[in-house]
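The values are calculated or read from the model by the stated rules, or taken from the named source; none is laboratory data. All values derive from a computational prediction rather than experimental measurement. FYI the Cβ positions are ideal-geometry reconstructions off the backbone, even for glycines, and counts take in every protein chain you see.
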Amino acid sequence: MLPVAEVFGAIAVVFNFIGYRQSDINRYRFISSIALLSVSIHFFLLGAMAAGIGCMLASIRNIVAMKYRGLPVLFTFVTANLCFFFYELFWLNHSWTIVIAYASSLIFTVGSITLTSAKMIRQWFILAEVLGLVYAIMVGSIFGTVFNITNLCSIFYTLYRDSSAEKSALPKD
């Protein structure tokens with residue numbers, strides 16, 4: 001199963017790399033949902049249930065957020081994340097490390113639904129990506145680690161590029 005898991009991880013890296021370069025928020029959400037579905041399958045195949053669930057919910061959330069971003073949607077996805085977290089922690093007795101995966105998932109959830117600016121999403125997602133990176137390393141996910149590192153690099157590059165473009169557009173004295 002490991003080679004199949006890594007193929008899904010590689011697909012996720014490619015799609016997410018493309019997604020973070022989108023300036024249109026809904027195009028970003030759609031491309032990102034494909035990446036999240038792929039990385040979800042990757043984590044499930046590795047037995048990392050918390051990341052698999054978090055990424056699957058994120059994939060669905062991004063599709064829903066293309067049309068709906070109100071409080072009911074936010075509460076639905078936050079509640080789903082918390083229910084799965086408590087199920088894993090108390091019913092399945094999974095390790096405390098799932099806190100890291102679900103914290104990352106909750107940051108992504110709140111940001112994806114409430115934020116309407118691609119720039120603001122990128123800024124908030126830095127913390128979520130760092131948490132995802134820590135979790136991927138902890139569960140031994142090669143492409144999960146590459147996924148998060150690539151995302152962080154992509155976020156920083158895009159923020160730098162956009163900042164440079166904004167500065168060059170300012171009137172000169």
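When the residues of region 1-33 are narrowed to those that are buried (at least 16 other Cβ atoms within 10 Å of the Cβ) and either assigned to a loop (DSSP other than H, G, I, E, B) or in contact with a Cys (Cβ under 8 Å, 6 or more places away or on another chain) (or both), which ends up modelled with the highest pLDDT? Result: Gln22.
Within region 137-173, being closer than 19 Å to Ile25 by Cα and of a type in the set (S, T, N, Q) holds for Asn151, Ser154, Thr158, Ser163. Taking region 40-66 as the range and being more than 28 Å from Arg27 (Cα to Cα) and in a helix (DSSP H, G or I) as the test, only Leu46 passes.
Between Val64, Val39, the distinction of being under 14 Å from the mean Cα position of the chain (by Cα) and either surrounded by 16 or more Cβ atoms within 10 Å (Cβ to Cβ) or under 30 Å from Glu166 (Cα atoms) (or both) belongs to Val39 only. Considering only residues in region 143-154 that are over 11 Å from Phe17 (Cβ atoms) and touching a residue at least 24 places away in the same chain (Cβ under 8 Å), the one that is farthest from the chain's Cα centre (by Cα) turns out to be Phe143.
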